[in-house]
1. Could you give, in nm with one decimal, how far residue A:25 is from each other copy of that position, shortest first, with labels 7 Å out from Cα toward Cβ?
2. For residue B:69 and residue B:177 in one chain, what is 0.36 nm times their gap in residues minus the Cα-Cα distance, to one decimal in nm?
3. Across peptide A:62-75, what mean number of C-beta atoms from other chains lies inside 10 Å of a residue's C-beta?
4. Once the Cβ-Cβ distance between residue A:148 and residue A:48 is put in as r, and R0 is 45 Å, what FRET efficiency do you end up with, to the nearest 0.05?
5. Modelled label-to-label distance, residue B:214 and residue B:17, 7 Å Cα→beta-carbon offset: nm?
6. With an 8 Å cut-off on Cα pairs and a minimum separation of 6 or more residues, tell me the relative contact order of region A:50-137 in percent.
7. With each label point set 7 Å from Cα along the Cα-Cβ vector, what nm distance links residue B:129 and residue B:8?
8. How big is Rg to Rh over region B:35-119, alpha-carbon atoms, Rh as the Kirkwood inverse-mean-distance radius?
């Protein structure tokens with residue numbers, strides 16, 4: 001796989017891989033916990049998500065520094081250079097995923113005393129579970145450099161965007177039905193948007209895996225079904 | 001300023017600087033146009049913002065590739081290495097600023113046929129003008145490597161976050177007052193959030209300038225006054 005002979009370079013690359021795996025584990029847990037905290041109205045769990053974020057930020061800075069020193073000192077070529085660049089990119093996406101999970105957790109704290117619509121929370125939870133599966137699959141694909149698995153993740157992002165757009169419309173409808181739902185639904189809208197953006201970051205990672213293995217950019221437009229920026233809800237009867 | 005002797009390296013760095021300046025100009029125009037399109041309900045102008053985004057994406061990829069080749073081929077040290085790394089970071093922030101301006105433009109298209117509350121649009125416009133001034137100042141500071149000016153931008157981000165939090169509350173209140181405002185206000189909430197995030201990216205650029213000039217990370221916590229994740233609106237009387 002590698003086309004170099006300096007064995008300490010192998011060690012450096014392995015260390016980068018290990019740090020990325022550690023970041024991936026933290027990001028997965030933050031996302032799962034934020035989602036559980038939302039469904040169970042668990043403020044304590046939400047606080048633990050917020051508390052986990054600095055570790056992820058620290059790892060990202062560390063990976064970036066180490067990767068750049070590696071490029072400057074060892075002038076890697078081909079696959080080694082791509083793996084080093086990929087580590088920088090993936091760590092950036094994982095750091096952003098942590099930020100987005102943290103933002104969901106903050107909103108759990110905000111809405112803990114609001115009227116909750118369990119039905120719509122379940123919609124966000126379902127979307128979150130899909131994205132969590134995407135994140136798991138793309139991290140596995142990164143560890144095994146499996147472009148086929150990465151491409152599957154990349155293709156499925158359109159499903160998440162469609163789900164987000166329909167949740168967006170549904171939330172607007174609930175808000176129109178009863179003004180007491182507005183604060184809760186607005187925070188939930190941002191939660192759903194954050195989950196959708198986590199999906200975008202898993203798609204970025206899938207594209208990075210393709211680049212890492214093939215040296216080429218994934219061809220064609222992204223499967224983009226998020227039409228929510230253009231979406232409006234039907235006004236409820238009488239409104 | 002530079003501590004190298006290879007003059008073609010100077011040319012490479014100058015080319016990077018030029019490309020960053022081009023990206024900065026496009027991002028500034030996209031943001032100003034998106035804001036004008038929102039206030040004037042100008043769908044044509046909004047479409048032109050959407051059309052400008054691919055150029056920004058292309059420039060970002062180009063800068064990243066050129067910068068990494070530079071690091072691998074020339075093994076720059078100290079300020080040269082930092083300038084090359086900074087070009088990668090700043091181009092990433094400018095690309096994200098373009099995405100966020102594009103998203104505002106998409107929402108202008110979505111809400112063009114909705115009841116509009118001019119008063120609240122003016123609030124978003126005011127916030128956008130502050131962020132545009134921040135973007136201009138930070139791009140000037142980058143061009144002149146002026147850490148003092150960069151620090152001023154960095155410090156002012158707290159004001160934008162405070163403004164966003166108060167707009168957030170105000171928008172929730174309008175939604176509660178009249179369900180016909182909900183679709184419009186929801187899109188405006190996301191517009192305001194996008195502008196606030198553009199502010200965060202100008203802060204990132206300010207931090208990069210500090211790193212570029214001093215080699216150190218800007219000490220201390222960011223001035224963070226965005227409390228909107230925790231915000232709720234008072235229910236209107238009778239709701």
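Bear in mind that the values in this text are calculations on the coordinates, not laboratory data. Not measured: the values here are computed from a predicted model. No Cβ is skipped: glycine too gets one built from the backbone with ideal geometry, and neighbour counts run over all protein chains shown.
1. Reported distances to equivalent positions: 5.0 nm.
2. Computed gain between residue B:69 and residue B:177 is 33.2 nm.
3. Mean shielding by partner chains, rounded to a whole number: 3.
4. Rounded to the nearest 0.05, the efficiency is 0.80.
5. My value for the distance between the label points is 2.2 nm.
6. It rounds to 33 percent for region A:50-137.
7. That separation, rounded to one decimal, is 5.0 nm.
8. Taking Rh as the inverse mean 1/r over Cα pairs, Rg/Rh reads 1.22.
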